[in-house]
Amino acid sequence: MKSALPMASDAILNNWLYKLVALVVALAIWATTLYGQKDALLLRSMELEFVLRPNFVATSLRDRTVQVEVKGPRHLLNKFSQASNAVTLNLTNEPEGVRRIAIRPTDINLPVGLKLVSVAPTEVELTIQEVKKP
């Protein structure tokens, strides 16, 4: 009767090339499943927020929302869609009057891993006025 150690080594080494190929194929399928997921698209309506100087307001807005299209992994898109994000426009250096303000990609705070595809509209028209105190 053979000892258990030589029998185990025979079982492992017998047809070792087939076993190696099977292992490589299994790892390739696993890696493809894990890392080969295609990015998904998300279209989301986001509110506009304005940072203004003290005693100034933004008026005459037709719409206070923009449509943002974002691309990335599904789990990040799910987190992004559930968060209460807003597009923040810094207007502290803008003078009074009617202004056309471009919405830049840097105005949209995206998590790492998501890419901005498009924004509509790309600019907003508004009036910046000083609030007079009585």
Sorted by Cβ density within 10 Å, fewest first, the residues 133, 115: 133, 115
Shape metrics for the chain, restricted to C-alpha atoms - Rg then Dmax, Å: 28.6, 107
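Between residue 31 and residue 133, what length comes free when the chain is fully extended (0.36 nm per residue of separation minus the Cα-Cα distance, one decimal in nm)?
My answer for the length gained is 30.2 nm.
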Leading residue at positive end of dipole, the chain (Cβ point charges), from 129, 23, 95: 23
Sites residue 41 and residue 88, calculated FRET efficiency, Cβ-Cβ separation with R0 35 Å, nearest 0.05: 0.90
Qualifying lysines (Cα of each under 30 Å from Cα of residue 19; at least 8 residues distant if same chain): 2
Net charge dipole size for the stretch 40-130 [Lys, Arg +1 and Asp, Glu -1 on Cβ; Debye, nearest 20]: 460
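Throughout, read-outs are computed from the coordinates displayed, never taken from laboratory work. This structure is a prediction, so every number in the text was calculated from the model and none was measured. Here the Cβ is made from the backbone with ideal geometry for all residues, glycine too, and neighbour counts use every protein chain on show.
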